[in-house]
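In what follows, a structure is listed as structure tokens, so that the remarks can point back to it.
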Amino acid sequence: MKNKKITFGIILATRSYFNSALAKDVRATLTKVLTENNYDYVILDEEDTPTGSGSIETREDGIKCAELFKKNRERIDGIIVTLPNFGFEIGIINAIQLANLNVPILVQACDDDNDKVDLDNRRDAFCGKLSVCNNLYQYGIPFTDTTLHTYSINSPLLLEDINRFAAICRVVNNVRGARIGAIGARPAGFQTVRASEKILQRTGITVVPVDLSEILGMADAIADDDNMLLNRVKEIHGYALVPGGYEKKLLKQAKFGLAVEKWIAANDIDAVAIQCWDSLQANYGCAACVTMSMLGDKLIPSACEVDIAGAISMYVLTLASGNASAIVDWNNNFAEDRNKCVCTHCGNFPKSFVKNDLKLGNLGVLSRTMGTENTFGAVLAKVTSGPFTYFRISTDDTKGIIKSYLGEGNITDDPYAMDGCIAVTEVPNLQNLMKYMCKNGFEHHVAMCRGNVQDIVFEAVETYLGWDIYKHD
């Protein structure tokens, strides 16, 4: 995901009443910014339209642009409409409608300078943008706006908006058509994580199930002296501190991880939900946590307890941030501070959340009933402080919809003496969020990622994916 170069289709729009030289300047500046920041683009050649800049003025120009976009359908991740001046809305709307790419669209328009509003230099893009957006609305075509209604093509806001738009494109285009692995059956004691595959399929999300026994059979078939296995053991030792006396269990854990990754690769899986409680411990003799943790840092989100919707929530955050995501429980109050919550799981946070010593151990809760021997493989750590974004989707079968909530907070440095991976979080108006979740039937699991990507997720979900979303303030 990180290595894929985002490609934009560029619609450079002008109008015959205005100076077309303004379009040439915008073309040169925009394409330079894109190239310098590792983006690719598809745009009409300068000689393809009468303006000499490849800018669209007429319906015929729009048809030419649409044909170019259709030829590059597999490359184009999003469309940027840029208005050096008023722009001709008919050409723009024809280009978008006839290309029919079904990708996100960004509409950007340029400032006028107060000392250049004579007939030779004025732009009127401020007005033209309203006309373009009105046409998009009429045609039922969703689009994304820029930070400000207009600004100079030389403004740093241009790159900020492009970067944000690229992340929106990543989320939308990858969620549509995502393949989510479901390894094993949902544990009977976790009805909270039930989800509708049919409702998910309406967005293009396919759930790919596999029986846990198949994965365990693949793991058992790996020889103890297999080179890939020995390398994986070394990789785990480099990833976390492994206590003495667990080498045999570590070998078993490494086999399980290799089997999971082999199945993921063979089935083109984007994110995975694993039956980690408690069949794996009872029938195989180890925990899944370190495998899930390492998958997360490889940008393959991995959710516990076959939480399919949780895995999708993680995937959205990974796409939005470009970094690892985690899945946790909203688990404990923090004394009487009602805006703080202890978010934790048995131990599967990616190492990038911890950024200090990571060690392997036993599952604290399950080890009390299943013994330490069968519950080894949990990742134990305290998550380091910093801003985070949280997100959760849920399929509401009664209403036939996908619903979600979203917000931002901070992970604190507060100590907390509990086993597993611990993140003490602070969320403004947390009690109101909890009330909303309870009243609307949301799960106890939530996905989180480091950093602030709320705006990216909200735009992707509300404008393009069409899921119900509550943004918590």
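Points to keep in mind about this one:
- Filtering the stretch 94-121 to residues that are more than 19 Å from Cys169 (Cβ to Cβ), in contact (Cβ under 8 Å) with a residue 60 or more places away in the chain and open to solvent by 10 Å² or more (accessible area, probe 1.4 Å) leaves Asp120, Asn121.
- Criterion: among the aliphatic types (A, V, I, L, M) and part of a helix (DSSP H, G or I) - qualifying residue of Ala167, Ala182: Ala167
- Within the stretch 201-221, residues that are over 27 Å from Gly177 (Cα atoms) sit with their Cβ atoms under 7 Å from residues that are open to solvent by 40 Å² or more (accessible area, probe 1.4 Å) and modelled with pLDDT under 95, at 6+ positions apart or across chains, in these pairs: Leu216/Asn283.
- Residue match in the stretch 432-442 (condition: in a helix (DSSP H, G or I), touching a helix residue (DSSP H, G or I) at 6+ places or on another chain (Cβ under 8 Å) and not aliphatic (A, V, I, L, M)): no
- Residue within the stretch 385-396 that is closer than 30 Å to Lys248 by Cβ, open to solvent by 10 Å² or more (accessible area, probe 1.4 Å) and either of a type in the set (S, T, N, Q) or assigned to a strand (DSSP E or B) (or both) present: no
- Filtered by the rule that a residue be touching a Gly at 6+ places or on another chain (Cβ under 8 Å) and open to solvent by 20 Å² or more (accessible area, probe 1.4 Å), the stretch 455-473 gives Lys471, Asp473.
- Scan of the stretch 40-59 for residues that are more than 34 Å from the chain's Cα centre (by Cα), among the charged types (D, E, K, R) and either over 16 Å from Ser20 (Cβ atoms) or surrounded by 17 or more Cβ atoms within 10 Å (Cβ to Cβ) (or both), ordered by number: Asp48, Glu57, Arg59
- Residue ID - nearest to Ala167 (Cα to Cα), chosen from residues in the stretch 76-93 that are modelled with pLDDT under 95, open to solvent by 10 Å² or more (accessible area, probe 1.4 Å) and not aromatic (Phe, Trp, Tyr): Glu89
- Condition check for Asp145: free of Cβ contacts under 8 Å to residues at least 60 places away in the same chain, touching a Ser or Thr at 6+ places or on another chain (Cβ under 8 Å) and surrounded by fewer than 18 Cβ atoms within 10 Å (Cβ to Cβ): no
- Residue in the stretch 230-238 that is among the hydrophobic types (A, V, I, L, M, F, W, C), part of a helix (DSSP H, G or I) and in contact (Cβ under 8 Å) with a residue 12 or more places away in the chain present: yes
- Scan of the stretch 397-425 for residues that are farther than 25 Å from Leu360 by Cβ and either in contact with a Cys (Cβ under 7 Å, 6 or more places away or on another chain) or without any contact (Cβ under 8 Å) to a residue 60 or more places away in the chain (or both), ordered by number: Thr398, Lys399, Glu408, Gly409, Asn410
The values are calculated or read from the model by the stated rules, or taken from the named source; none is laboratory data. All of these numbers come straight from a predicted model, not from anything done at the bench. Every residue, glycine among them, receives a Cβ derived from its backbone with ideal geometry; neighbour counts consider all protein chains shown. Ligands, DNA and RNA are excluded from the accessible area calculation, which covers all protein heavy atoms including side chains. Shrake-Rupley method; radii C 1.70, N 1.55, O 1.52, S 1.80 Å.
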